[in-house]
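To start, the structure itself, in structure tokens.
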Amino acid sequence: MPRKETTFNKEEGYLRMYLRGRPVTLYAPTLEEYDLAKKEDQPPQSLKLEWVYGYRGRDCRSNVHLLPTGETVYFVAGVVVLYNVEEQIQRHYLGHTDDVKCLAVHPDKITIATGQVAGHDNKKSSRPKSAQHGKGDPSTAPDHLPHVRVWNSVSLQTLHILGLGGDFDRAVCSIGFSKADGGQLLCAVDEGNEHTLSVWEWQKGEKGHKITETKSSTEPVVASEFHPLDANTIITCGKNQITFWTLEGGTLGKKLGLFEKHEKPKFVLCLAIADNGDVFTGDSNGNIFIWPRGTNKISKALTGVHEGGIFSLLFTKDGHLLSGGGKDRRIVQWDATGLTQTGEVEIPEHYGAVRTLTQGKGNMIVVGSTRNVILQGTLELNFNPIVQGHVDELWGLAVHPNQHQFLTCAYDKKVFLWDALSHSAVWSKELEVPAHCACFHPDAQVVAIGTQTAKWLVLDLTSREPVYSHTDGNEQIECAEYSPDGKYLALGSRDNHIYVYSVDEEGKKYSRVGKCQGHSSFVTHLDWSADSQYIQSNSGDYELLFWNASSCKQITASSSMRDVQWATSYCTISFNTCGIWPEGADGTDVNGSSRAHKADLLASADDYGKVNLYRYPSTHIEAGHRAYGGHSSHVTAVRFLHDDSRLLSTGGKDAGILQWEIL
């Protein structure tokens, strides 16, 4: 079927565009001189990533390390973060095109390797090559394939890219540099059905040289490491297995670890290697097993030392062994020679269980948790969070009306108020139900939050306690916005209706005005008019409808609304935002939009992990824009801070929050 092209009717003054083949009619303002053929330029302003909130500990391991620069390196979404906690400075490696899954630091402590999942196909990507690749980046190949990037942590320059020939399947889940030879080799395991283990001379050419590969296991592999003393030995572990590999003459020999009289655990979850070369493993039964150097048998067992699994083992520089519990949240300290317990601490429940342990500055220990928190401390002085974030899908983003603060809420039931200048959480709160959207009252005394269960509540920003809650319909509240004068609250629901309330007592008292009925699909976005009289709304089947707020009646003559001034531009389908759509879009390409308060810029959140910046108004299909990667999954929302100094964006499945400076 031929694609229907966008047209403009000069007599009636409307644009007709097509989303998934459906016509959408958008009326231009009366005085607008409109030329359909005009090409819209990109905006003169650009974005620079300033801060990343969040960390991926939920389902990744061994991904927090301290560098000699004093920076802690970790990742979230498609960004590798280098964070100097003392100086409160972040730098970012942005070479990846999708979710980073694993990280390894070279023995030189400067070179870093990171592996990623299969990305969005480049055909779908609007990201310009200049944004995809750092200067001097050797890649011109299809970088949506799973691959490993080796880069310099001082210059952030990409040095080599391994796997662009289709060497990895689905994702690279574990990598490690060799140690005994000074780091000449790199091993990698992918997430294909056979969990292929490959060994690379990573410095050979721009794309490295693969020495060999072999099927490692049909079961998941969670860790792979070169032995620090035996140059040709690699140890891998995972479901039902620990395997000792020997690299000889370009091929890998395999020896399975034998559990003999010991009960075989369902998972060998982690490994650490002592100074004498003995291999220590932690498993899902809470056991620590010791495998003497050069053997595949257990010489000593510490059984049931944790309730549930042991997710991480660490030999500290002061000669202790630490074990971290994935269920009991305990960090236990052992004397590394006599293997007697010498101390322990429990991580508070709201921070999650121990996912990874790493040596910090001095005698500090850094902990990555299963609830995406990074903590720092000692067994004696307790642990404090240095990085916090969401742990489940994130859609809710709202900006404070007059301060450099913003609020996020997610399906993990958590609400965070963040300060954009100090880059920290002001407070967090756990709700009873997963949250989907939020908005500040103009007086900034309260914030309204819509949830997945049709319930919505209003939190007092000082006490953080609910001052009002109500349930409308029985489906998710998709969007919520206060009117500019603060006298109304409109809630768009998945049940196709918009519920309108009058607001009194500075946002603490609510009375139902009525509900707007007329959409034939769920409400996705809504805007208030600047005079607080009208609402415009979009729906899941690409309608743009208009409403009289005080009567909740639909205004069917769309042309009569062409000159209304709108306070915001959250509706992605409107005359002033239609340029954010690609020609022939399927309607789900764009998840959200936001207009700068100066009304010169428009940002969009797309389904391919990009944040896009346009001139405002953006009234020509496929308008010129600047595109920025960093999120790995669909970007769910974008918002400008009250003074337009920064843009914020939220990632859905990646649960990351990116803060962009506007230059």
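The values are calculated or read from the model by the stated rules, or taken from the named source; none is laboratory data. What you are looking at is a predicted structure, and each value in this text was computed from that prediction instead of being measured. With ideal geometry, Cβ positions are generated from the backbone for all residues, glycine too; neighbour counts draw on all protein chains shown.
Got at least one residue in region 319-329 being touching a residue at least 40 places away in the same chain (Cβ under 8 Å), at positive phi and surrounded by fewer than 22 Cβ atoms within 10 Å (Cβ to Cβ)?
no
Just to check your reading of the model, which residue among P228, P292, P220 is surrounded by fewer than 21 Cβ atoms within 10 Å (Cβ to Cβ), under 15 Å from A188 (Cα atoms), in the same structural domain as S174 (by TED's automatic domain parsing) and without any contact (Cβ under 8 Å) to a residue 60 or more places away in the chain?
The match here is P220.
If we keep just the residues of region 18-44 that are among the hydroxyl-bearing types (S, T, Y) and assigned to a strand (DSSP E or B), which is nearest to G584 (Cα to Cα)? Can you show your working first?
Initially, region 18-44 is screened for residues among the hydroxyl-bearing types (S, T, Y), giving 18, 25, 27, 30, 34.
If we keep only those that are assigned to a strand (DSSP E or B) too, we end up with 18, 25, 27.
Working: Y18: 7, T25: 15, Y27: 20 Å.
The qualifying residue nearest to G584 (Cα to Cα) is Y18.
List every residue pair whose Cβ atoms lie under 9 Å apart, where the two residues are 6 or more positions apart in sequence or sit on different chains, the first residue falls within region 10-25 and is in contact (Cβ under 8 Å) with a residue 12 or more places away in the chain, and the second residue, located anywhere, is among the aromatic types (F, W, Y) and assigned to a strand (DSSP E or B).
Note: pairs meeting the criteria are E12/Y27; G13/Y27; Y14/F8; Y14/Y27; L15/F8; L15/Y27; V24/Y18; T25/Y14.
Given the options G343, G324, G319, name the one that is among the small types (G, A, S) and more than 19 Å from L66 (Cβ to Cβ).
Every option except G343 fails the conditions.
Got a number for residues in region 573-589 being modelled with pLDDT of 95 or more and either in contact with a helix residue (DSSP H, G or I) (Cβ under 7 Å, 6 or more places away or on another chain) or under 24 Å from H144 (Cα atoms) (or both)?
Qualifying residue count, region 573-589: 1.
Name the one entry in G624, G587, G630, G609 that is among the small types (G, A, S), surrounded by fewer than 24 Cβ atoms within 10 Å (Cβ to Cβ) and at positive phi.
Values: G624 fails: at positive phi; G630 fails: surrounded by fewer than 24 Cβ atoms within 10 Å (Cβ to Cβ); G609 fails: surrounded by fewer than 24 Cβ atoms within 10 Å (Cβ to Cβ).
Among G624, G587, G630, G609, only G587 is among the small types (G, A, S), surrounded by fewer than 24 Cβ atoms within 10 Å (Cβ to Cβ) and at positive phi.
Could you please find all residues in region 168-214 being in contact with a Phe, Trp or Tyr (Cβ under 6 Å, 6 or more places away or on another chain) and on the phi < 0 side of the Ramachandran plot?
Listed by number, the residues that qualify are G176, S178, K179, L186, D190, K210.
If L31 passes every condition in (1) under 26 Å from S560 (Cβ atoms); (2) touching a strand residue (DSSP E or B) at 6+ places or on another chain (Cβ under 7 Å); (3) loosely packed, with under 15 Cβ neighbours inside 10 Å but one, which one does it miss?
Result: L31 passes all but (2).
Do you know which of the residues in region 355-382 that are in a strand (DSSP E or B) and β-branched (V, I, T) is farthest from the chain's Cα centre (by Cα)?
Across region 355-382, the extreme among qualifying residues is T378.
Considering region 241-260 alone, what residues qualify as being surrounded by fewer than 15 Cβ atoms within 10 Å (Cβ to Cβ), part of a loop (DSSP other than H, G, I, E, B) and of a type outside the set (D, E)?
Of everything in region 241-260, those that are surrounded by fewer than 15 Cβ atoms within 10 Å (Cβ to Cβ), part of a loop (DSSP other than H, G, I, E, B) and of a type outside the set (D, E) turn out to be G249, G250.
Considering every residue within region 111-122, establish whether at least one is under 18 Å from Y628 (Cβ atoms), at pLDDT below 95, in a loop (DSSP other than H, G, I, E, B) and of a type outside the set (A, V, I, L, M).
Within region 111-122, one or more residues are under 18 Å from Y628 (Cβ atoms), at pLDDT below 95, in a loop (DSSP other than H, G, I, E, B) and of a type outside the set (A, V, I, L, M).
Could you count how many residues in region 45-59 are farther than 19 Å from L601 by Cβ and part of a strand (DSSP E or B)?
Here the count works out to 3.
Can you report the number of residues in region 485-522 which are in a loop (DSSP other than H, G, I, E, B) and more than 21 Å from V467 (Cα to Cα)? Give the derivation first.
Within region 485-522, the first condition is being in a loop (DSSP other than H, G, I, E, B), and the residues that meet it are 485-487, 494-497, 508, 517-522.
In the following step, the residues that additionally are more than 21 Å from V467 (Cα to Cα) were identified as 494-497, 517-522.
Going through region 485-522 one residue at a time, the tally reaches 10.
Here are S559, S574, S539: which of them is in the same structural domain as V24 (by TED's automatic domain parsing) and farther than 14 Å from L19 by Cα?
Every option except S559 fails the conditions.
Being in a loop (DSSP other than H, G, I, E, B) and either in contact (Cβ under 8 Å) with a residue 60 or more places away in the chain or assigned by TED's automatic domain parsing to the domain that holds H160 (or both) is the filter here; which residues of region 78-95 pass it?
Passing the criteria: G78, V85, Q88, L94, G95.
Considering only residues that are modelled with pLDDT of 95 or more and farther than 17 Å from C102 by Cβ, look in region 136-157 and name the one that is nearest to the chain's Cα centre (by Cα).
Top of the filtered list is L156.
Among the candidates V458, V467, V446, single out the residue that is closer than 19 Å to P401 by Cβ and in contact with a helix residue (DSSP H, G or I) (Cβ under 6 Å, 6 or more places away or on another chain). First the steps, then the outcome.
Values: V458 fails: in contact with a helix residue (DSSP H, G or I) (Cβ under 6 Å, 6 or more places away or on another chain); V467 fails: in contact with a helix residue (DSSP H, G or I) (Cβ under 6 Å, 6 or more places away or on another chain).
None of the others qualify; the one that does is V446.
In region 231-256, which residues are touching a residue at least 12 places away in the same chain (Cβ under 8 Å) and over 16 Å from S178 (Cβ atoms)?
If we filter region 231-256 for residues that are touching a residue at least 12 places away in the same chain (Cβ under 8 Å), which is where we start, we get 231-248, 250-252, 254-256.
Within region 231-256, C237, G238, K239, N240, Q241, I242, T243, T251, K254, K255, L256 meet the criteria.
Considering only region 577-663, give the strands (runs of 3 or more DSSP E) lying wholly within it that have at least 1 residues that are among the charged types (D, E, K, R) and within 22 Å of Y542 (Cβ to Cβ). Before the answer, list the steps.
Details: elements: 590-595, 601-606, 611-615, 626-628, 635-640, 646-651, 657-662.
In region 577-663, 590-595, 601-606 are the strands (runs of 3 or more DSSP E) which contain 1 or more residues that are among the charged types (D, E, K, R) and within 22 Å of Y542 (Cβ to Cβ).
Considering only residues of region 397-422 that are of a type in the set (A, V, I, L, M) and outside any loop (DSSP other than H, G, I, E, B), which is surrounded by the fewest Cβ atoms within 10 Å (Cβ to Cβ)?
Selected residue: L417.
Given the conditions (1) in contact (Cβ under 8 Å) with a residue 60 or more places away in the chain; (2) touching a Cys at 6+ places or on another chain (Cβ under 8 Å); (3) farther than 25 Å from K487 by Cβ, which single one is not true for F575?
(2)
Show the residue pairs meeting these rules: Cβ distance below 7 Å; 6+ apart or different chains; first residue within region 630-648 and more than 15 Å from L47 (Cα to Cα); second residue part of a strand (DSSP E or B) and of a type in the set (D, E).
Note: pairs meeting the criteria are V635/D606.
I want to confirm something. Restricting to region 60-77 and keeping residues that are among the hydroxyl-bearing types (S, T, Y) and outside any loop (DSSP other than H, G, I, E, B), which single residue is surrounded by the most Cβ atoms within 10 Å (Cβ to Cβ)?
Across region 60-77, the extreme among qualifying residues is Y74.
May I ask you to list the residues in region 261-289 that are exposed (fewer than 14 other Cβ atoms within 10 Å of the Cβ) and under 21 Å from R330 (Cβ atoms)?
K266
Quick one: would you say N63 is under 23 Å from G360 (Cβ atoms) and either modelled with pLDDT of 95 or more or hydrophobic (A, V, I, L, M, F, W, C) (or both)? Before you say what the answer is, go through the steps one by one.
On the way: under 23 Å from G360 (Cβ atoms): yes; either modelled with pLDDT of 95 or more or hydrophobic (A, V, I, L, M, F, W, C) (or both): no.
In short, no.
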